[in-house]
Amino acid sequence: MREARHARSAIAMAVPGPGRDTGGVHTARLILALPDRPTAEADHALPRLLGALHQNGQVLDSAPPVVADEQALHAYLSLPAADALDPEHHGPYVRAALAELAAAGHGAPRVRLLGADPHGEPECGCETPSAYLLYTTFVDRDSPLRCADCSGTVPLYRIPAGPGDLIRSRVLDWQQQYRACDRLWIESGALEAAALHELVAAGSDLSASGRELCAALAAAPHLGRPVYYYLHRPGGEEPAAPDACPSCGRPWRLDLPWGVCGHRCDGCGLAAA
Ligand SMILES: [Zn+2]
Ligand SMILES: [Zn+2]
């Protein structure tokens, strides 16, 4: 991992990716030399590192594909941004997993950045976003934290968090719950109505946990900026009172679109298309 920065710049210079690179999702190969003698600790060391990187928001998939040859393990990782594996983003759990790798006899991991996903969402490049949005769907692989100004994704490892602070894991937990409800709404049939309620009702269990999370993200020591909860509004079904915030009942339709949103209630921290 210490070599990540050098390996990435070497690749970037040698093999410039095709098309535009607006940041966002990249694929990388992490190469881990096998120890001289196999042990149970060595077997578990890579899954532990990958789990820690995922929980810290540095790797998008919780169980990325891994292949082995005689010398090394090769993990193919989706990263939320090109700099995701820079050591400066490692939290205490990733550093502990790296120490376990070394203790189990593995060589230091090396990283090769393979390129940007040409279909991925662009990454937020704003210096100081005025606000954020918590938004995902069951097909979204990216970070569910979006910049309200440019609509770009914000990798979770960029959320300020002190040692032992599990805010990034909490965002991942909420994202899993949201994806599960969204998938049930689209694909289940039998559970469609209950799942849709979770997505559209401002007071559903899913919305309540998402709004609580937004408040925690907005507060110090995290983002220090408003974080709006994006409330799903199904197309073609106008709610009974479209101009009223579904939480407080005050007018929330915007004269001008705000990023992807046409509705917003500042008092309730809600936004919608
Ligand atoms: Zn932005
Ligand atoms: Zn409201």
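The values are calculated or read from the model by the stated rules, or taken from the named source; none is laboratory data. Not measured: the values here are computed from a predicted model. Don't worry about glycine lacking a Cβ; one is built from the backbone with ideal geometry, like all the others, and counts go over all protein chains shown. SASA here: full protein model, heavy atoms, side chains in, ligands and nucleic acids out. Shrake-Rupley method; radii C 1.70, N 1.55, O 1.52, S 1.80 Å.
In this structure, the amide hydrogen of Gly115, modeled 1.01 Å from its nitrogen in the peptide plane, lies closer than 5 angstrom to those of Thr27, counting only residues at least 5 positions away or on a different chain. Looking at the stretch 11-154 alone, DSSP beta bridges between its own residues are antiparallel in about 95 percent of cases.
If R0 is 41 Å, the Cβ-Cβ spacing of Ala33 and Ser151 corresponds to a FRET efficiency of close to 0.50. Over the chain, the alpha carbon radius of gyration divided by the compact-protein estimate 2.2 N^0.38 Å works out to 1.11. Of the peptides 208-214, 256-262, 197-203, the ranking by mean beta-carbon count within 10 Å, highest at the top, reads 208-214, 197-203, 256-262. Just check the stretch 132-272 against the gyration tensor rule for me: Cα atoms, a ≥ b ≥ c as the square roots of the eigenvalues, rounded for a/c under 1.5, and otherwise prolate or oblate depending on whether a/b exceeds b/c. Oblate, because a/c is 1.5 or more while a/b does not exceed b/c. Heavy-atom accessible surface of the chain, averaged per residue, reaches 51 Å², computed with a 1.4 Å probe. Rolling a 1.4 angstrom probe over the chain with all protein chains present gives an accessible area of which 55% lies on carbon and sulfur atoms. Each residue of the stretch 114-130 was assigned a 3J(HN,Hα) from its phi angle through the Karplus curve 6.51 cos²θ - 1.76 cosθ + 1.60 (θ = phi - 60°); the sequence is 8, x, 8, 6, x, 9, x, 5, x, 9, 5, x, 5, 5, 9, x, 7 Hz, with glycine and proline shown as x. Only helices enter the 222 nm calculation for the chain: every DSSP H run of n ≥ 4 contributes -39,500 (n - 2.57), and dividing by all residues gives -10000 deg cm²/dmol, rounded to 500. Taking the stretch 70-161 on its own, what percent of its Cα-Cα pair distances exceed 22 Å? Beyond 22 Å sits 41 percent of the P(r) for the stretch 70-161.
Surface calculation, 1.4 Å probe, protein heavy atoms: Ser130 sits at approximately 60 Å² accessible.
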